[in-house]
Amino acid sequence: MKTVGTAQRLSSAPGHALTGSVKVPGDKSISHRALMLSALAIGESRAEGLLMGEDVRATAAAMRALGAKIAFDGDSATVNGVGVGGLMEPEDVLDMGNSGTSARLLSGLIASHDLYAVMTGDASLRGRPMARVTGPLSEMGARFAARSGDRLPMAIVGARDSVALDYTSPVASAQVKSAILLAGLNTRGETVVREKTHTRDHSERMLAAMGADVRTAVEDGHHVVRIQGYAELSPHHIRVPGDISSAAFPVVAASLVAGSELVLPQVGINPLRDGIVHALRAMGADIETRNPRDLGGEPVADLVVRAAELSAVVDLKVEPSTMIDEFPVLFVAAAAARGTSRFTGLAELRVKESDRLAAMAAGLEACGVAVTLFDDGIEIVGTGGDIPGGGHVRTHLDHRIAMSFAVLGQVAAKPVIIDDARPINTSFPGFVDLMRGVGARLEVAP
Ligand code: S3P
């Protein structure tokens with residue numbers, strides 16, 4: 001179900017208590033990196049438990065166009081890489097679909113290879129800023145020509161001899177950090193990225209596991225990553241944890257629907273990603289992390305969640321970067337909670353797959369929840385469990401807006417209509433069937 005053809009409306013209404021086990025798909029961030037880095041190793045790598053969503057497929061298609069051989073078998077892939085420096089010039093435009101991670105990380109990879117490439121994406125991706133990566137990558141010697149200055153479609157002329165960079169990132173973004181580190185792989189000398197906010201470290205972990213000389217430190221209040229160029233990556237065998245960003249939807253649903261108890265096996269709980277668990281627990285959620293363990297260099301655990309009475313978020317003590325993709329569904333939890341929640345410092349949400357502050361505010365209002373929107377945040381008047389619902393929600397090609405309102409509908413008085421379910425395939429193929437399987441009432445209309 002790709003986002004082509006006509007929209008598929010989704011109706012969400014209260015079903016049963018949610019019980020059973022929910023196996024969420026592989027982590028999106030790690031799946032992208034597994035394919036990209038395997039494509040740069042010399043020899044055969046294997047990745048298991050990949051997210052087989054549209055975003056990761058876009059990365060796979062691009063890496064093939066750049067010369068890697070990738071064979072899928074269910075949610076596993078065998079990848080024959082070309083070696084750092086060995087990417088080939090793609091014959092056609094690279095279509096990144098809805099995926100900001102593919103577009104930004106691949107801009108980094110291409111930037112230090114002597115080749116020409118053109119990138120485009122869907123209407124959502126074509127509206128997202130690229131200057132945050134093209135700025136530093138230009139300093140490394142790449143050239144970019146982009147629509148409206150920094151939007152896709154964008155042409156990239158990679159540098160023949162890229163120059164190492166020491167970059168202090170002005171934005172809390174793992175995509176920016178990773179794009180520069182990937183460019184640094186095929187650049188002589190040491191490339192350094194410094195960030196004030198410590199963002200997800202999947203690239204650093206995987207690069208180290210594949211033998212790159214990558215070092216991390218804290219210096220002058222910044223998190224610093226150094227990578228030595230002309231790296232050689234060894235092929236690897238990686239097992240991808242379940243995506244905590246996808247788990248967040250059933251976790252919030254089970255927290256809100258009375259009588260629920262769900263088990264979510266093998267979910268990634270990297271401390272730079274698990275903010276949603278801490279935020280929900282602070283609201284009163286009952287979430288257990290059982291059997292914590294390591295899976296291929298990433299921490300995972302089984303999550304057990306039971307329904308609980310939630311109260312408002314008064315002072316979110318969680319670093320936003322550790323749950324940046326989970327705010328839409330946290331706003332749903334706030335709408336159902338008792339009391340008024342206030343969130344600030346979230347301007348980044350305006351440049352995600354949609355303007356998530358505006359999209360969530362509009363959807364919540366349509367469902368009878370009072371909100372006040374700020375430039376960098378939102379105030380949500382919790383209903384104490386009495387969400388009127390009945391709203392028609394616009395998702396703006398944003399998978400997480402669609403799934404957030406699918407969750408909200410499970411506890412709303414009147415059914416919630418979501419304008420288009422197709423974007424859900426970006427990150428969580430099978431979401432509707434999986435949720436129905438544990439008791440949710442969701443119907444896709446033709
Ligand atoms: C991602 C980083 C985050 C996140 C995105 C995936 C990554 O984006 O929102 O879904 O894989 O590096 P930013 O780097 O823009 O914060």
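The values are calculated or read from the model by the stated rules, or taken from the named source; none is laboratory data. It should be emphasised that the depicted structure is a prediction, and the values quoted were computed from it without experimental measurement. Here the Cβ is made from the backbone with ideal geometry for all residues, glycine too, and neighbour counts use every protein chain on show. In case anyone asks, the SASA skips ligands and DNA or RNA and just uses the protein heavy atoms, side chains included. Shrake-Rupley method; radii C 1.70, N 1.55, O 1.52, S 1.80 Å.
Using 0.36 nm per residue, how much length does the chain from GLU139 to GLU89 gain when fully extended, once their Cα-Cα distance is taken away?
Value of the extension gain: 15.8 nm.
Taking every pair of alpha-carbon atoms in the chain, what share in percent sits in each 20 Å bin, from 0 to the bin with the longest distance?
Reading upward from the zero bin: 27, 58, 15, 0.
So what's the net charge close to GLY85: Lys and Arg +1, Asp and Glu -1, counting the other residues with Cβ under 14 Å from its Cβ?
-2
First select every other residue whose beta carbon is under 10 angstrom from the beta carbon of ASP114; then total the charges, Lys and Arg +1, Asp and Glu -1.
Here the charged neighbours net out to -1.
If packing is taken as the mean number of other Cβ atoms within 10 Å per residue, what is the order of 268-279, 149-160, 100-111, highest first?
Packing proxy ranking, top to bottom: 100-111, 268-279, 149-160.
Where does the chain land at 222 nm, in deg cm²/dmol rounded to the nearest 500, when only DSSP H runs of n ≥ 4 count, each adding -39500 (n - 2.57), divided by all residues?
Only helices count here, giving -8500 deg cm²/dmol.
Calculate the dipole size of segment 144-296 relative to its Cα centre from +1 charges on Lys and Arg beta carbons and -1 charges on Asp and Glu beta carbons; express the result in debye to the nearest 20.
Roughly 280 debye for segment 144-296.
Test of understanding: express the Cα radius of gyration of segment 188-292 as a ratio to 2.2 N^0.38 Å, with N the residue count.
For segment 188-292, the normalised Cα radius of gyration comes out at 1.39.
Among LYS23/LYS177; LYS317/LYS414; LYS177/LYS352, which pairs are too far apart, with a Cα-Cα distance over 27 Å?
Beyond 27 Å: LYS23/LYS177; LYS317/LYS414.
By average Cβ neighbour count within 10 Å, what is the ranking of 437-445, 132-140 from highest down?
Result, highest mean first: 132-140, 437-445.
What whole-number value in Å² describes the accessible area per residue of segment 398-446 for a 1.4 Å probe?
30 Å²
What is the diffusion coefficient of segment 28-238 in µm²/s, taking the Kirkwood radius over Cα pairs and the Stokes-Einstein relation at 4 °C with a viscosity of 1.567 mPa s?
It comes out at roughly 78 µm²/s.
Over segment 28-238, with the other protein chains present, what is the accessible area per residue in square angstrom, probe 1.4 angstrom?
36 Å²
For labels at THR340 and HIS392 in the simple 7 Å Cα→Cβ model, what's the distance in nm?
3.1 nm
Report, to the nearest whole %, how much of the accessible area of segment 28-238 belongs to carbon and sulfur atoms, 1.4 Å probe, protein only.
Carbon plus sulfur share of accessible area: 47 percent.
What is the spin-label model distance, in nm, from ARG350 to SER311 if the labels are put 7 Å beyond Cα along the C-beta direction?
Distance between label points: 3.3 nm.
Which one, TYR167, GLY86, GLY74, is farthest towards the positive end of the dipole of segment 28-238 when Lys and Arg carry +1 and Asp and Glu -1 on their Cβ?
Going by the charge dipole, the pick is TYR167.
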